[in-house]
Amino acid sequence: MPEPDRPIISRIQPTVRHQVVIIGGGNAGISVAAQLRRKRKALDVAIVEPSDVHYYQPLWTLVGAGVAPKEVTRRSEERYIPSGVTWLRDAVVEVCPEDNALTTARGTRVEYEFLVVAPGIQLNWKAIPGLQDAIGRDGVCSNYSYEYVDKTWKFIRDFEGGTAIFTHPNTPIKCGGAPQKVMYLADDHFRRSGARDKTNIIFASAGGSIFSVPKYAKTLTSVRERKQIDVRFRRDLTEIRPETKEAVFTNLDTGETEAMHYDLIHVTPPQSAPDFIRNSPLANEAGWVDVDKHSLRHVRYPRIFSLGDASSLPTSKTGAAVRKQAPVLVANLLAAIDGQEPAATYDGYAACPIVTGYGKLVLAEFDYELTPRESMPFDQSKERWSMYQMKRFGLPPLYWHGILRGRA
Ligand code: FAD
């Protein structure tokens, strides 16, 4: 049969079998599929992905600040499933590693020789009573959802003064810097609109420090001092009361709760691995896919690999980290297919472009040891206009045309 020049869209069948099955067609899943096809065209690869849209999530920070419309972050999934790869448009509900098989929501049994697990992270909106009903209304917003990200900009734009709270939950999250980036942009906007003098900005974070890497934490501490932001660590948002515009925080050291009034609140929801992973034999104690942090191979099931936000890799959950994980995973997966031991190694590299205002960005790059791993020939802990321009105009095309095509 001639090689198809399009993705193969699978019909619903009781049982299918593929050499390599990838769970999730997001940043990580598509990157791996594209690189596998470039390296070995004859491989039979299938992606299980329920959504027909693909999002470039890192731009949501700037969408929430009115810099870009949200529609530019959304494209058809089909465009990015590599040619010749089969797309099962369905959600995985169960993985049975002992049988080398998984089950989908529509009841298909998918058998694999090798499995790549990349279903991303789960946003647990319901874990905070009141949040699900309040989000998108009366000053409650979040850049963590395509549906509501434009409400962030609406509420910031319309804000006339009062208390603006920005939260960071007591769980791992994707893009650890995102809860702060929106706050620095909001501060900048309030200064332009004249609302800042009438505003108290509070960063209520369940964490104990502003950033995990000391070099960048130093810069961010001076940014929050300059911006006169009231930082309260070890405060975990545990309830929203929209009728009285109160946010309830639990002090993680004393266990006491405190209700704070808000006029605007940007919530970063608690996050976890998806339930079907947490409840599967693939999970570690914390619920993440239990892989070796250097080879990305499962610690108990040698036919299984994982990367991206759902994996147990102890580094920052970012697309930048996925970019360095994908080639390692692909090399080690191909070695495993060939009956060899995995030799490629991931060192924990992650990057976080921390926007500190309109036209200002600190490009944090670091590894497992939290040692800076800067790729530019200058001190990246300084706020820079050039790095902001790179995030705004350079990284989106790199994502759509390079990373998702397996070229970068
Ligand atoms: P995703 O890209 O989220 O993809 C997961 C895929 O799995 C989705 O397509 C989903 O539909 C699918 N899926 C889910 N459940 C199932 C199932 N049961 N069966 C099959 N498929 C399933 N990263 C950066 O590098 N820089 C940044 O500046 C940055 N900023 C960010 C700002 C915000 C506001 C947000 C939300 C994220 C940001 N990120 C940033 C993080 C980045 O987007 C993620 O780390 C990256 O998308 C992770 O890739 P992934 O493939 O693991 O997950």
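The values are calculated or read from the model by the stated rules, or taken from the named source; none is laboratory data. Since the model is a prediction, treat every value here as computed from it, not as a measurement. Cβ coordinates were reconstructed from backbone atoms using ideal geometry, including for glycine residues, and neighbour counts include every protein chain displayed. Only protein heavy atoms, including side chains, enter the accessible area calculation; ligands, DNA and RNA are left aside. Shrake-Rupley method; radii C 1.70, N 1.55, O 1.52, S 1.80 Å.
Under 5 Å between amide hydrogens, built in the peptide plane, is the criterion, and for residue 310 it picks out 120 among residues at least 5 positions away or on other chains. If you plug the beta carbon distance of residue 253 and residue 337 into 1/(1 + (r/R0)^6) with R0 = 56 Å, you get a FRET efficiency near 0.65. In a DSSP loop and with at most 14 other Cβ atoms within 10 Å, the trypsin sites (Lys or Arg not before Pro) in segment 272-380 are 300. On a per residue basis, segment 293-408 carries 40 Å² of accessible surface, using protein heavy atoms and a 1.4 Å probe. Specify whether the C-alpha gyration tensor of segment 340-405 places it in the rounded, prolate or oblate class, a ≥ b ≥ c being the square roots of the eigenvalues: rounded for a/c under 1.5, otherwise prolate if a/b is larger than b/c and oblate if not. Oblate, since a/c reaches 1.5 and b/c is not below a/b. By its C-alpha gyration tensor, with a ≥ b ≥ c as the square roots of the eigenvalues, how is segment 124-271 shaped: rounded for a/c under 1.5, else prolate for a/b larger than b/c, else oblate? It is rounded, given that a/c, with a ≥ b ≥ c, falls under 1.5. Remark on residue 199: its backbone amide H falls under 5 Å from those of 162, a criterion applied only to residues 5 or more positions apart or on other chains, H modelled at 1.01 Å from N.
Using the Cβ-Cβ distance between residue 126 and residue 244 with R0 = 25 Å, the FRET efficiency computed as 1/(1 + (r/R0)^6) comes to roughly 0.75. Beta bridges assigned by DSSP with both partners in segment 150-288 are antiparallel in approximately 45 percent of cases. Loop-resident GluC sites (Glu not before Pro) (DSSP state other than H, G, I, E or B) in segment 350-380 with no more than 12 further Cβ atoms inside 10 Å of their Cβ: 369.
So how much slack lies between residue 192 and residue 105, counting 0.36 nm per residue of separation and subtracting their Cα-Cα distance, in nm?
Full-extension gain reported as 26.4 nm.
Calculated accessible area for segment 124-271 comes out at 41 Å² per residue, all protein chains present (probe 1.4 Å; ligands, DNA, RNA ignored). Give the shape of the chain as rounded, prolate or oblate, defined through the alpha-carbon gyration tensor: a ≥ b ≥ c are the square roots of its eigenvalues, a/c under 1.5 means rounded, and otherwise the shape is prolate if a/b is larger than b/c and oblate if not. Prolate, because a/c is 1.5 or more and a/b exceeds b/c. A cut-off of 5 Å between modelled amide H atoms, ignoring neighbours fewer than 5 places along the same chain, links residue 318 with 175.
Ignoring ligands, DNA and RNA, what percent of the accessible area of the chain is carbon or sulfur (1.4 Å)?
C and S fraction of accessible area: 48 percent.
Where Lys and Arg each count +1 and Asp and Glu each count -1, what net charge lies around residue 247 among other residues with Cβ under 13 Å from its Cβ? Surrounding charge for residue 247 is -3. Taking 8 Å as the Cα distance limit and 6 or more residues as the minimum spacing, I'd like the relative contact order of the chain as a percentage. Over the chain, the number comes to 18 percent. Among all the lysines, which ones have a C-alpha under 17 Å from residue 324's C-alpha, if same-chain residues fewer than 8 places away are not counted? Partners within reach: 39, 174, 293. Treating cross-link reach as a plain straight distance, find the lysines whose alpha-carbon is under 16 Å from the alpha-carbon of residue 198, omitting any fewer than eight places away in the same chain. Qualifying lysines at Cα under 16 Å: 227. Of the GluC sites (Glu not before Pro) in segment 78-143, the ones in a loop by DSSP (not H, G, I, E or B) with at most 13 other beta carbons within 10 Å are 98.
3J(HN,Hα) couplings calculated from phi for segment 27-39 with the Karplus curve 6.51 cos²θ - 1.76 cosθ + 1.60 (θ = phi - 60°) are, in sequence order, 3, 6, x, 5, 4, 5, 4, 5, 5, 4, 5, 5, 7 Hz; Gly and Pro show x.
In this simple spin-label approximation, residue 138 and residue 17 carry label points 7 Å from Cα along the Cα→Cβ vector, and these lie 5.8 nm apart. When peptides 24-32, 45-53 are ranked by their average number of other Cβ atoms within 10 Å per residue, the highest-first order is 24-32, 45-53. Packing here is the average count of other Cβ atoms within 10 Å per residue, and on that basis the peptides 62-75, 341-354, highest first, run 341-354, 62-75.
Measuring r between the beta carbons of residue 8 and residue 389 and using R0 = 45 Å, the FRET efficiency lands at 0.70.
Take every pair of alpha-carbon atoms less than 8 Å apart whose residues are at least six positions apart; their mean separation over the length of segment 124-271 yields a relative contact order of 35 percent.
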